[in-house]
Amino acid sequence: MSSANAIGVFDSGLGGLSAVREFLHILPNENIIYFGDTGRVPYGNRSREIITKYAFQDTNFLLENNVKMIVAACGTVSSVAGKKLESDLPVPYTGVINPTAFATAKKTKTGRIGVIATAATISTHNYKARLEKLNPEFKVFEKACPLFVPLVENGFIHKDDQIVRLTIKHYLTELVENDIDTLILGCTHYPLLADAISSVIGNSIELIDSGYETALYTKKVLGENNLLNNSTEQGASSFFVSDTPEGFESVAELFLGKNMEHTVTQIDIEKY
């Protein structure tokens with residue numbers, strides 16, 4: 001295994017790009033291969049068996065590209081298939097749950113924590129279980145927000161948009177009434193709604209970005225395994241999808257802030 005090999009990052013669609021955005025800041029010298037399963041998104045309303053099947057197809061594609069570590073930048077995959085991926089993959093692996101839970105445990109002052117994610121992630125209660133294992137006195141309040149992913153993937157992210165604000169109020173009012181002081185954005189799509197969420201629920205509740213915390217944790221794991229890329233040059237990023245690239249390219253620009261035209265390759269994920 002060479003330290004110059006890429007980090008493999010995957011998600012059910014576009015949300016994992018919020019993690020890639022953090023990787024580009026925290027690990028600027030690393031090469032990244034990103035796969036977004038845009039042809040089968042969303043994973044959040046699929047069965048556990050199908051989510052696990054998809055996750056291993058996604059990782060098989062990344063392994064074919066000789067990645068040195070795999071990151072499931074997807075709360076649903078991390079919740080449903082994370083343990084099996086960690087035990088079965090031949091390279092270091094992380095999902096988003098453990099890094100995010102550790103960071104939240106350090107940042108909360110009152111121990112009253114909100115978690116928002118897809119229905120599949122919430123149904124596993126993995127964030128809640130992980131946090132309560134770190135501190136049994138934590139009070140964790142969970143809420144599935146199934147409309148957030150389609151909002152983001154259709155470009156509805158601005159805090160002044162009334163559709164966005166009403167949707168946030170619909171989902172988060174109950175959590176605010178439970179007097180939380182931290183809120184885990186448990187799906188990697190959700191950081192694009194962070195400004196809108198804060199404008200609705202107030203800045204006194206700290207938002208925990210799972211993509212950012214996962215990027216920090218990935219740097220730690222690579223260092224422990226002597227796999228950090230020591231090159232002084234900017235790393236290269238490659239992007240792959242399972243459906244036509246056009247829609248991906250336009251929304252990816254929102255995540256990464258750069259022109260993505262003609263930089264995305266479509267693959268047949270069913271081959272894996």
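The values are calculated or read from the model by the stated rules, or taken from the named source; none is laboratory data. Because the structure is a prediction, the values reported are computed rather than measured. Cβ atoms come from the backbone with ideal geometry, glycine included; neighbour counts cover every protein chain shown. Just the protein is used for accessible areas: all its heavy atoms, side chains included, with ligands, DNA and RNA removed. Shrake-Rupley method; radii C 1.70, N 1.55, O 1.52, S 1.80 Å.
Assorted remarks:
- Solvent-free Debye scattering, log10 I(q)/I(0), computed from the Cα coordinates of the stretch 74-186 at q = 0.20 Å⁻¹: -1.09
- As computed over the chain, the Cα convex hull volume per residue (Å³): 120 Å³
- Kirkwood radius, the stretch 179-228, all distinct C-alpha pairs, inverse of mean reciprocal distance: 12.2 Å.
- Here the chain is treated with +1 on each Lys and Arg Cβ and -1 on each Asp and Glu Cβ, and its dipole about the Cα centre works out to around 820 debye.
- Note on the chain: dipole from Cβ charges, positive end direction compared against G111, F240, F156; the farthest Cα belongs to G111.
- When only the Cβ of Lys, Arg, Asp and Glu is charged (+1, +1, -1, -1), the dipole of the stretch 33-153 relative to its Cα centre reaches about 540 debye.
- Each Lys and Arg Cβ is given +1 and each Asp and Glu Cβ -1; about its Cα centre, the stretch 104-234 then shows a dipole of about 320 debye.
- Normalised by 2.2 N^0.38 Å, where N is the number of residues, the alpha-carbon radius of gyration of the stretch 149-192 equals 1.20.
- Accessible area in the full protein assembly, largest first, 1.4 Å probe, for R48, R112: R48, R112
- If you wrap the stretch 34-128 in the convex hull of its Cα atoms and look at it from every side, the mean projected area works out to 6.5 nm².
- Summed side-chain charge close to F102 - residues other than F102 whose Cβ falls under 12 Å, Lys, Arg +1, Asp, Glu -1: +4
- Globularity index of the stretch 18-65, i.e. its alpha-carbon radius of gyration over 2.2 N^0.38 Å: 1.37
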